[in-house]
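Here is the structure we will look at.
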């Protein structure tokens, strides 16, 4: 791990049904983050397409290392020489009429470093709101981390946030990322407290990139993309709308917290 700070950024979007619109928005916001010195940029869940119907994503599903969504991410990582964590995109699944909800990680030369398929699938019913990701998504089954220059990064997606055992299985991370499209209802109730809990209990930075606004399909997402430090303090946040959240990973701060309160070493289970 480097001794100095590493600047990281989360992109917040209000994605549309047409991928071309989302490519333009993501490209603009990634460029903004890179111009402010970000070396790692995280996109939100469903950033390339937020369809009018939940099944729309199936038509945009790509094979690994083929397709316009992956080509865009690889090219823009290479252009700005950043680590790009691609929120999620729909990937072709073994089951017909379903997809995997996948985060792909690209290095500064544009090469694909790893992938993570979302493990926990969201389901929620309250009044007129009804969501069931299992209708169109196949769950993944592999805990995934990768090594960045500043330390280990743990990958999770949206509803994963409610399952702390996933993060324990990642081991000792410097950074955990959470691309998401939390609903307004559940986000208002639980988003911040869950993110801060994951940072506190794992004594690491948490970077969350959210969808944040009213989408053309009528869905309203919570937003509040944020960076949280290992003490649970929110270092930067964006409530709603398109934009970029930027802050620094400071190794001496992380190590200081772990030294003064060595909770990870005190674990008994």
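Among 216, 269, 195, 264, which is the only one that is without any contact (Cβ under 8 Å) to a residue 40 or more places away in the chain, farther than 15 Å from residue 8 by Cα and surrounded by fewer than 19 Cβ atoms within 10 Å (Cβ to Cβ)? Criteria check complete, one pass: 269. Checked against (1) more than 19 Å from the chain's Cα centre (by Cα); (2) without any contact (Cβ under 8 Å) to a residue 60 or more places away in the chain; (3) under 20 Å from residue 131 (Cα atoms), residue 35 meets all criteria but (3).
Out of the residues in region 94-152 that are free of Cβ contacts under 8 Å to residues at least 24 places away in the same chain and not in a strand (DSSP E or B), which is nearest to residue 83 (Cα to Cα)? If we take residues in region 94-152 being free of Cβ contacts under 8 Å to residues at least 24 places away in the same chain and not in a strand (DSSP E or B), then 139 is nearest to residue 83 (Cα to Cα).
Go over the candidates 49, 105 one by one and state the one that is at pLDDT 95 or above, out of contact with any strand residue (DSSP E or B) (no Cβ under 7 Å at 6 or more places or on another chain) and closer than 19 Å to residue 208 by Cα.
49
One residue stands out in region 1-32 among those that are under 26 Å from residue 98 (Cβ atoms), without any contact (Cβ under 8 Å) to a residue 60 or more places away in the chain and outside any loop (DSSP other than H, G, I, E, B): the one that is nearest to the chain's Cα centre (by Cα), namely 26. Could you please let me know if residue 223 is within 23 Å of residue 25 (Cβ to Cβ), touching a residue at least 60 places away in the same chain (Cβ under 8 Å), in a loop (DSSP other than H, G, I, E, B) and touching a strand residue (DSSP E or B) at 6+ places or on another chain (Cβ under 6 Å)? For residue 223, the condition - within 23 Å of residue 25 (Cβ to Cβ), touching a residue at least 60 places away in the same chain (Cβ under 8 Å), in a loop (DSSP other than H, G, I, E, B) and touching a strand residue (DSSP E or B) at 6+ places or on another chain (Cβ under 6 Å) - is met.
The values are calculated or read from the model by the stated rules, or taken from the named source; none is laboratory data. Computed from a predicted model, the values in this text were never measured in an experiment. Cβ coordinates were reconstructed from backbone atoms using ideal geometry, including for glycine residues, and neighbour counts include every protein chain displayed.
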